[in-house]
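Participant: Dropping a structure here in structure tokens format, bear with me for questions.
The values are calculated or read from the model by the stated rules, or taken from the named source; none is laboratory data. Fair warning: this is a prediction, and the values are worked out from it, not measured in the lab. Ideal geometry is used to build each Cβ from the backbone, glycine not excepted, and the neighbour counts take in all protein chains shown. Ligands, DNA and RNA are stripped out before the accessible areas are found, and what is left, the full protein with its side chains, is counted by its heavy atoms. Shrake-Rupley method; radii C 1.70, N 1.55, O 1.52, S 1.80 Å.
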Amino acid sequence: MNRLLRLIAGLAALSLAACASLEPRPELPAEPAAVLGSGTVLDGLIAEAEARHPGESGFRLVREGPEAFAIRARTALVAGRSLDVQTYIWHDDTTGGFLAVRLLEAADRGVKVRLLVDDMDARAKNYAFAALDAHPNIDVRMFNPFQSRAGALSFAFEALGSFSRINRRMHNKTWIADNRIAIVGGRNLGDEYFGASDEVNFVDLDFAMVGPIVRDASASFDRYWNSPLAYPMTLLAPEDVSPAALLALRERVAPKIAQAEASRFATELRKNDAVQRLVAGDWPMVWSGRFFFVSDDPLKAAGETEGAAGSQVLALLAPLMKSSSTNVTIISPYFVPGEVGTRFLTDIARSGRNVWVLTNSLAANDVAMVYGGYSEWRKPLLEGGVKLWELKPTPGSTVKSSLFGSSGASLHTKALVVDGRVAFVGSYNIDPRSTSLNCEQGIFVESGAIAAQLDQIFSTDSAGEHAWAVTLQGRKLEWQDGMQTHDSAPDASAGRRFQAWIGRALPVSSQL
């Protein structure tokens, strides 16, 4: 009986703690990005190229996971002034650990490192991030953090007690070295984002960028870093920010480099043509003078805006699509257009313009409930003239992103092309969560060459080898790949079908 009473008392205490709101962050001095210089390796490599293209920025679509990893690892290795990293997820695995070690080594060389991580994933790694913050050249901040720093029960109670705040996350992904080169797009930091997983790998996409667009990315980073929702680790867990914790972390991660270099991923990395060209400096970029970096106001995560009005990304995407002359091509892993979005896209299609969409199949979607939300609008989209393809979960659909013939692939690319002229790559999904809840960002580039590359990616990934075309035969849906025809979502387990049904049956569409 006493044990039961203690359990009830403990749960009550947790519940009360959860009801306590996160204390407002004290005012802190604004910290800007490092100013441009001329003394680092990256200055020497990039400044001359920038000078040859005044007013323009250079862009490279980074399709392959190994190349995306190599760019981050290489820039961390040669950075001489600053490294700014903003991410939604950072896994403690082979690639995530390797990158953490590279950042720690950079800080040891005197490089100023700023890490801004969404706390939904980072809370479970609180001790490691606090230990990094103990380094004099590393500052770590958590975006929209939990007040509690450990424990599954306290996590659950706080999530319930502060749901309206906790439900809003920072989905942005940015990696900036010396304010000279930036990598921005859909990738988090972890094995499945770099093609290093033995299981499911994500088909993803980044922009690597040099030129003035990098300073735009830095300005966005600064806006989030100095936001009242970005809490220093010294405020959240001061007892864990200690020299002893940093020493313990060093001892734990020291083997990471050797382990990573001995892995199958590293072996394949050394053979990868794109990676070897990067190392050799043979790394062509497309230059354009018409570009724009957009990111949502970080206070969107505080609930200061309602619905689509808070999406600065959508505020630019929508008129771009509406102004199209011939084609709108969309790649969105989580695609839940809703009534308004469906009407918007079908209006474009009914006017005689092509609207093509590639999203995840039920079998490939890592969040099956989202597929349920999408399925509600599939017939109206097809009836309105929108063409749909769903990515297969087969190893072949990873193209070169998976090195090990993993058991499946899941689409994670967020991109759009209009009229073969303007390209968009970012973190934004066409769904209610990206539009109304999460903070997102992206880059618009006017370039026929970049647009053609994206159109080719769409063409490759929507081909029958990699995707099913979804069509209407009368009132019935069919999935076709040129070899077989299915009358229901192919290759999906009963469990996935049940989860998708829940996503469609329950009133949760605003959360998808």
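Participant: Test of understanding: among Ile138, Ile213, Ile176, Ile166, which residue is over 25 Å from Arg433 (Cβ atoms) and surrounded by fewer than 23 Cβ atoms within 10 Å (Cβ to Cβ)? First the steps, then the outcome.
Facilitator: Details: Ile138 fails: surrounded by fewer than 23 Cβ atoms within 10 Å (Cβ to Cβ); Ile176 fails: surrounded by fewer than 23 Cβ atoms within 10 Å (Cβ to Cβ); Ile166 fails: over 25 Å from Arg433 (Cβ atoms).
Answer to the check: Ile213.
Participant: Can I ask one more? Of the residues that make up the range 459-476, is at least one in a helix (DSSP H, G or I), under 30 Å from Gly289 (Cβ atoms) and free of Cβ contacts under 8 Å to residues at least 24 places away in the same chain? Break it down into steps so the answer makes sense when it comes.
Facilitator: Step one: of the range 459-476, the residues in a helix (DSSP H, G or I) are 459-461.
Subset that is under 30 Å from Gly289 (Cβ atoms): 459-461.
Imposing the further condition that a residue be free of Cβ contacts under 8 Å to residues at least 24 places away in the same chain reduces the set to 459.
Yes, the range 459-476 has at least one match.
Participant: Kindly establish whether Val184 is touching a Leu at 6+ places or on another chain (Cβ under 8 Å), open to solvent by less than 10 Å² (accessible area, probe 1.4 Å) and of a type in the set (Val, Ile, Thr). Give the steps one after another, and end with the answer.
Facilitator: Details: touching a Leu at 6+ places or on another chain (Cβ under 8 Å): no; open to solvent by less than 10 Å² (accessible area, probe 1.4 Å): yes; of a type in the set (Val, Ile, Thr): yes.
The answer is no for Val184.
Participant: State whether one or more residues within the range 309-317 are among the small types (Gly, Ala, Ser), at positive phi and either open to solvent by less than 20 Å² (accessible area, probe 1.4 Å) or out of contact with any His (no Cβ under 6 Å at 6 or more places or on another chain) (or both).
Facilitator: Applying the first criterion (among the small types (Gly, Ala, Ser)) to the range 309-317 yields 309-311, 315.
From what's left, at positive phi: none.
No.
Participant: Kindly check whether there is at least one residue in the range 137-153 that is among the acidic types (Asp, Glu) and closer than 21 Å to Ala230 by Cβ. Break it down stepwise before answering.
Facilitator: Kept after step one, since they are among the acidic types (Asp, Glu), are these residues of the range 137-153: 139.
Adding the requirement that they be closer than 21 Å to Ala230 by Cβ leaves 139.
Yes, the range 137-153 contains at least one residue that is among the acidic types (Asp, Glu) and closer than 21 Å to Ala230 by Cβ.
Participant: Right, here's the next one. Could you list, in sequence order, all residues of the range 106-135 that are open to solvent by 40 Å² or more (accessible area, probe 1.4 Å) and either of a type outside the set (Lys, Arg) or in contact (Cβ under 8 Å) with a residue 60 or more places away in the chain (or both)? So that I can check it myself, show each step before the final result.
Facilitator: The initial filter retains those residues of the range 106-135 that are open to solvent by 40 Å² or more (accessible area, probe 1.4 Å), namely 108-110, 112, 120, 124-125, 127.
Of everything in the range 106-135, those that are open to solvent by 40 Å² or more (accessible area, probe 1.4 Å) and either of a type outside the set (Lys, Arg) or in contact (Cβ under 8 Å) with a residue 60 or more places away in the chain (or both) turn out to be Asp108, Gly110, Lys112, Met120, Ala124, Tyr127.
Participant: If you don't mind, there's one more thing I want to ask. So if I check each of Leu42, Leu103, which one is of a type in the set (A, V, I, L, M, F, W, C), open to solvent by less than 20 Å² (accessible area, probe 1.4 Å), modelled with pLDDT of 95 or more and within 24 Å of Arg223 (Cβ to Cβ)? Outline the logic, then answer.
Facilitator: Values: Leu42 fails: modelled with pLDDT of 95 or more.
On inspection, the qualifying residue turns out to be Leu103.
Participant: May I ask you to say which residue of Gly405, Gly420 is modelled with pLDDT of 95 or more, assigned to a loop (DSSP other than H, G, I, E, B) and not hydrophobic (A, V, I, L, M, F, W, C)?
Facilitator: On the way: Gly405 fails: modelled with pLDDT of 95 or more.
Matching residue, one of Gly405, Gly420: Gly420.
Participant: In the list Phe221, Phe265, which residue meets the criterion of being among the aromatic types (Phe, Trp, Tyr), within 19 Å of Gly65 (Cα to Cα) and outside any loop (DSSP other than H, G, I, E, B)? Reasoning before the result, please.
Facilitator: Details: Phe221 fails: within 19 Å of Gly65 (Cα to Cα).
None of the others qualify; the one that does is Phe265.
Participant: Looking at the range 301-313, which of its residues are in contact (Cβ under 8 Å) with a residue 60 or more places away in the chain and over 11 Å from Tyr224 (Cβ atoms)? Before you say what the answer is, go through the steps one by one.
Facilitator: Going through the range 301-313, the residues in contact (Cβ under 8 Å) with a residue 60 or more places away in the chain turn out to be 301-303, 306-308, 310-311, 313.
Matches in the range 301-313: Ala302, Gly303, Glu306, Gly307, Ala308, Gly310, Ser311, Val313.
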